[in-house]
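Written out below as structure tokens is the structure these notes cover.
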Amino acid sequence: MSKILIIDDEVDLVTLLEEELKAKGHEVLAAYDGQTGIALSKMQPDLIILDIMMPGRDGFDVCRAIRDDVLCPVIFLSAKQSEADKVKGLTIGADDYITKPFGLRELMARIEASLRREARSQYINTEGRRSKLYFGNLCICIKEREVIVDGNSVPLTKREYDIVELLALHAGQVFSREQIYEKVWGFDSDGDSATVVERIKRIRSKLATAAPGSGYIQTVWGIGYKWNKMHDQGGELG
């Protein structure tokens, strides 16, 4: 059973989704405005379904407010159908974007797919890996899912951390953006690998702030990205 938070001001829709999810054995938290949704997100749900057009704080604002503290998948559910809105939603931290009106079976399938990907990610991250990786003054704490530079935590979102861990665990290996998307988001994810480019930019910016001139992630032109193996100082077994 998973804990799912729904943030949407359409009462009838929330009721419908709540009944369907509970019938599948999930626990459901419901919020009808953004501020309440932010408060309920502190209860550490396993997945969040988030509307965009709400009174007060809209879904984009809510996603920005919770993304650095909430690691679970976020699915936008919105009547805004433009490509620009979808790209915006994905680049600020959403894992999926579904437009209204939608098919209930499709939504349920995407929810279950997101939960499966999350379970796979947690399993992979705890099976037979080093607990810490060291690259110069940067330390990746795999069990804690945290990147630390000179004793200070780097504020990465869930997907940003996943990308860093993937590249760092295979330092020197080149990954195309399509490979990164498939490994981080999953083969069954419905999205665009172009979002990887935006995530890499944000990761680089955050790492550059913490460690200027470090150049941990390198671009291999025409192919993809790799973690700079020159920094590798080994790690600790968990």
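Here are some notes:
- Tallying residues that are under 17 Å from residue 159 (Cα atoms) and surrounded by fewer than 21 Cβ atoms within 10 Å (Cβ to Cβ) within region 50-66 yields 2.
- Verdict on residue 209 being surrounded by fewer than 16 Cβ atoms within 10 Å (Cβ to Cβ), in contact with a Phe, Trp or Tyr (Cβ under 7 Å, 6 or more places away or on another chain) and either without any contact (Cβ under 8 Å) to a residue 60 or more places away in the chain or not assigned by TED's automatic domain parsing to the domain that holds residue 86 (or both): no
- Here residue 42 meets each of (1) closer than 23 Å to residue 156 by Cα; (2) surrounded by 18 or more Cβ atoms within 10 Å (Cβ to Cβ); (3) out of contact with any strand residue (DSSP E or B) (no Cβ under 7 Å at 6 or more places or on another chain) with one exception, condition (2).
- Condition met for residue 54 (aliphatic (A, V, I, L, M) and either in contact with a strand residue (DSSP E or B) (Cβ under 6 Å, 6 or more places away or on another chain) or over 21 Å from residue 112 (Cα atoms) (or both)): yes
Conditions tested, residue by residue: (1) assigned to a helix (DSSP H, G or I); (2) within 16 Å of residue 67 (Cα to Cα); (3) at pLDDT 90 or above.
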position: 119; (1), (2), (3): yes, no, no
position: 125; (1), (2), (3): yes, no, no
position: 148; (1), (2), (3): no, no, yes
position: 155; (1), (2), (3): no, yes, yes
position: 160; (1), (2), (3): yes, yes, yes
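- Qualifying residue in region 169-187 (condition: within 16 Å of residue 141 (Cβ to Cβ), part of a helix (DSSP H, G or I) and modelled with pLDDT under 90): yes
- Residues of region 72-115 that turn out to be surrounded by 14 or more Cβ atoms within 10 Å (Cβ to Cβ), in contact with an Asp or Glu (Cβ under 9 Å, 6 or more places away or on another chain), in a loop (DSSP other than H, G, I, E, B) and hydrophobic (A, V, I, L, M, F, W, C), as a count: 1
The values are calculated or read from the model by the stated rules, or taken from the named source; none is laboratory data. On a predicted model such as this, the values are computed, not experimentally measured, just so you know. Using ideal geometry, Cβ is built from the backbone for each residue, glycine included, and neighbour counts are taken over all protein chains shown.
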